[in-house]
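Worksheet for the structure shown next.
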Amino acid sequence: MFFLGLLFVLGAKAQVVGTPYIPLLIVSSGSITFNYTGSQQSWTVPNGVNFITVDVQGAQGGGGTSTSANKGGRMQARIAVTPGSTIFIVVGGQPSTNTSVYGGGGAGGSGATAGRAGGGYAGIFTSSTISQANALAIAGGGGGNSGGGFVGGAAGGTTGSNGAQGGYSGTSEGGKGGTQTGGGAAGGNFDPQSSLATSGSGLLGGTGGSVNQNSWTGGGGGGAGYFGGGGGAGGGASNGAGGGGSSWVIGTATSVVNTANFTTGNGQVIISW
């Protein structure tokens, strides 16, 4: 007969002395999906989990459809986390009008036909006080269409795409895409407007330009992102759509796949472990 240790006999009692029993921590795998709710969400990292795989998808710009080129970006990566810590999630939405929705997309400009607002970004953060400084991964939102129907720029990749524009060169322009270092520039114009478009900035898309002429149309809002796209200029036959936002992931991430022009509709975040 074999024993794990030494056997001592004390009267009628026997005791096995050896290496103490240490229970194993068995970590189960899983996945959780966060959809657009219009507010911040959170998730606690399970005990024993040191890495998560994320699939972060920004929202499409306003006015976009399944065939449009203003879809949201997608960021996939494997990221180190601390067991028991709380992760905070932003899932941006696709606007249906010129009014911005949750996720940082810029408002569309007003006019006889208003431009559509830009799509919101999706992101994962280590603090409820959302900022670039505590971001783990961000997928940009697509630019909003102009009131004249010109299509916003696609989000994602390291740099978002520029918004489309109508008319001849040198008139109302589309907003530029956000980059890794700065927001996209606002679309310039030479037509009378009541307000000019604005540039994108950190996590925010720029606003589209508004017009005060009968039958003229507003510019599209810039998509949000690590840096947001610029708003498009409003105008007559010439009017511009918003630029797309950029995507980003923390430098220590592995298995990174950064896809542009991917998501139709609202954003989404999927976390697996």
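The values are calculated or read from the model by the stated rules, or taken from the named source; none is laboratory data. A quick note: this is a predicted structure, and the numbers were derived from the prediction, not measured. Counting neighbours? That spans all protein chains shown, and the Cβs are built from the backbone with ideal geometry, glycine included.
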Could you grab me the full set of residues in the range 233-271 that are in contact (Cβ under 8 Å) with a residue 60 or more places away in the chain, over 19 Å from Gly118 (Cβ atoms), in a loop (DSSP other than H, G, I, E, B) and more than 15 Å from the chain's Cα centre (by Cα)?
Gly236, Ala237, Ser238, Thr252, Ala253
Give all pairs with beta carbons closer than 7 Å in which a residue from the range 201-212 that is assigned to a loop (DSSP other than H, G, I, E, B) meets a residue that is modelled with pLDDT of 95 or more and among the β-branched types (Val, Ile, Thr); count only pairs at least 6 apart in sequence or on separate chains.
Gly206/Thr198; Thr207/Thr198
Got a number for residues in the range 63-91 being in contact with an Asp or Glu (Cβ under 8 Å, 6 or more places away or on another chain) and more than 21 Å from Gly38 (Cα to Cα)?
1
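Every residue, every condition in (1) assigned to a strand (DSSP E or B); (2) over 28 Å from Asn214 (Cα atoms); (3) at pLDDT 95 or above, yes or no:
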site: Arg74; (1), (2), (3): yes, yes, yes
site: Ala77; (1), (2), (3): yes, yes, yes
site: Pro83; (1), (2), (3): no, yes, yes
site: Val90; (1), (2), (3): yes, yes, yes
site: Ser96; (1), (2), (3): no, no, yes
site: Ser100; (1), (2), (3): no, no, yes
site: Gly103; (1), (2), (3): no, yes, yes
site: Ala107; (1), (2), (3): no, no, yes
site: Gly111; (1), (2), (3): no, no, no
Looking only at residues that are among the polar types (S, T, N, Q) and surrounded by 24 or more Cβ atoms within 10 Å (Cβ to Cβ) in the range 73-121, which one is nearest to the chain's Cα centre (by Cα)?
Gln94
Condition met for Gly120 (part of a loop (DSSP other than H, G, I, E, B) and under 17 Å from Arg74 (Cβ atoms)):
yes
Among the residues of the range 139-159, are any in a strand (DSSP E or B), touching a residue at least 12 places away in the same chain (Cβ under 8 Å) and surrounded by 24 or more Cβ atoms within 10 Å (Cβ to Cβ)?
yes
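Condition check ((1) buried (at least 24 other Cβ atoms within 10 Å of the Cβ); (2) out of contact with any helix residue (DSSP H, G or I) (no Cβ under 9 Å at 6 or more places or on another chain); (3) touching a residue at least 40 places away in the same chain (Cβ under 8 Å)) across all residues:
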site	(1), (2), (3)
Gly38	no, yes, yes
Gly48	no, yes, no
Asp55	no, yes, yes
Lys71	yes, yes, yes
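Of all residues in the range 227-273, count the ones that are touching a helix residue (DSSP H, G or I) at 6+ places or on another chain (Cβ under 9 Å) and closer than 19 Å to Ile52 by Cβ.
So the answer is 1.
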